[in-house]
Structures are given as structure tokens and as C-alpha cells.
Amino acid sequence: MKSARLNRLFGVSGNCFDVAIDHGMFNERTFLAGIENMKTAIEVIADAGPDAIQLPPGTAPFLQAIPGKHRPALVLRTDIANIYGNPLPSQLFSEMIDRAVEQGVALDAACVVVNLLMLPDQPEVYRACVRNVNSLKRECEIYGMPLMVEPLVMQDNSKGAYMVDGAIDKILPLVRQAAELGADIIKADPCDNVEEYHRVVEIAQGLPVLVRGGGRVSDQEILIRTKQLMEQGARGIVYGRNVIQHQNPGGMTRALMAIVHDKASVEQASLHIG
């Protein structure tokens, strides 16, 4: 059944746009902008027709309650970490939800996603993430559930909360580790020089690479970057704040879908936003 679930996740183009609306899982006030009302946020995005919506177990039922055959697939967030504030707490953790894959099956998820976090001088968080990935892998094989691993290289939080490190020499080994640990899909950050992203795609050893959106940027910047990433061999994107915090989240979803699936130009895609 893993291939059947992957077929639900990726469009006929072979690509995927997964809208991340799982930010409320992390107990961080700044993450809640645009998703104060999750039911409404999910319905607006679902109506725009992305391939998938990424949600935690508590709000995934809002998506699955939408009637009809054409609602987006569910990507289930399976882990919680307390690493996004500034300053960092005195004790850090990365914990997985109980029986994550069973919950994914019960919620009719097409995929489960888990972090592989690399923070400066925080080896205990990294170790917890490796354990999380290892514990999920075998369960995913038993249940036929695709496993998306999110290798995330972060900067020192003193520079600002939730700051990722775009150094390609740090991204490459973590992406490769995710592949070696058994990921079916890689969800990775863009590198500082987008034109080098083909190296990330190569190091993933044939696995589909979906690119994270990161912090909020202008419409033009996110559309241009997405176009460049797709041309570098990415198989899709996983964007959250650049969609859900947009004044027209449905229009932005449709614009990005046009680039991901139809190879639309930035100018063509922009027409969906208005």
C-alpha cells in the first residue's frame, strides 16, 4: 500500500505541493498567525486544491471531514520539539506522538513526517531525532506508510528564533543520512545558492526531494525561488507561512501549484494571486 499512498500524494506530473499547517504543534506563539481558526484555514487551503496538507493529529480530522473525493491528501506530523523559541529552554527535547503510524492509518494519512534536527552544540536533540526516525521506519514498512524525513540544519537561536542554516556543506550530509535511515521522501531546506540545489537532489539518491519554504518573504521572491528549485530537480515544495500568512492564501496556493505542476512562469503564476 505504500505505492498507493504515494500516488495520492504526488500529482500526475510526478510532483507534489504540500501545504504545512502543523505549526501549532510546537507551542510557539509566533507560529499561530494565520491559523488561529484551523478549521477555516484548512478549508480555504483545501478549496485551492494542493496535493497535500500537513497537519498534527488533533486537527487532521478537520481535513478528513471535508466531503468528496478531491480533498488534499493528509501528511501527518508525528513529532514535537521545543527548539523554536529565543532564548532556548534549559532542557531541549524532540518527542514523537504515541503509536504514530497507527494514528496515521486511523486518520487515513498518505504519509507521516518526522524531523531530523541538527542544532549547534545540541547533540541530545539530534540523537533523539535519529531514534525517532529509526522507530518510525520499521512501523512504516509494516503498515505500508511512506516516511517523510525533514533534515533541518539550524543556526544558533541567539541570531533569532527558527533560523535555518543554508550552508550546503551542512545540508548535504544530513540529507544523505535521512536517505540512509530509510526515508521515502526528503523534505529539505533550500541552500544559500539556489543554483546548487541539484547537489541536494543528487545526494538524496533518487528519493523525491520536497523543499521547505522557511520564513515569510515577498510574493516575487517565493515564486522565483520555487521556479529555480523545480528547475534544479526538486520534486515539489512544502510551504507553510508563505501560504497561510498570505493575504490571499488560496491564490498563493494556486500560483505555486501552477509552477510545481504546469511549469508556469513566475509571471503566469502571479496571475492567480491578483
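The values are calculated or read from the model by the stated rules, or taken from the named source; none is laboratory data. Nothing here was measured: the structure is a model prediction, and the numbers come from that model. Cβ: placed from backbone, ideal geometry, glycine included. Neighbour counts: every protein chain shown. Calculation scope for accessible area: heavy atoms of the full protein, side chains included, ligands and nucleic acids excluded. Shrake-Rupley method; radii C 1.70, N 1.55, O 1.52, S 1.80 Å.
Here is how the numbers come out for the structure above:
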quantity	calculated
VAL44 in a loop (DSSP other than H, G, I, E, B) and open to solvent by 30 Å² or more (accessible area, probe 1.4 Å)	no
Which numbered condition ALA33 fails, given (1) touching a residue at least 24 places away in the same chain (Cβ under 8 Å); (2) open to solvent by 10 Å² or more (accessible area, probe 1.4 Å); (3) within 24 Å of ARG8 (Cα to Cα)	(3)
The listed residue being closer than 25 Å to VAL130 by Cβ, open to solvent by 10 Å² or more (accessible area, probe 1.4 Å) and out of contact with any strand residue (DSSP E or B) (no Cβ under 8 Å at 6 or more places or on another chain), out of LYS2, LYS69, LYS39	LYS2
Unmet requirement for MET148, which otherwise passes all of (1) open to solvent by 60 Å² or more (accessible area, probe 1.4 Å); (2) among the aliphatic types (A, V, I, L, M); (3) within 19 Å of the chain's Cα centre (by Cα); (4) over 28 Å from PRO87 (Cβ atoms)	(1)
Any hit, region 230-248, residues being open to solvent by 50 Å² or more (accessible area, probe 1.4 Å) and over 18 Å from ALA20 (Cα atoms)	yes
Given (1) open to solvent by 10 Å² or more (accessible area, probe 1.4 Å); (2) more than 16 Å from SER13 (Cα to Cα), number of the condition VAL211 does not satisfy	(1)
Given (1) farther than 22 Å from PHE31 by Cα; (2) buried (at least 16 other Cβ atoms within 10 Å of the Cβ), number of the condition ASP98 does not satisfy	(2)
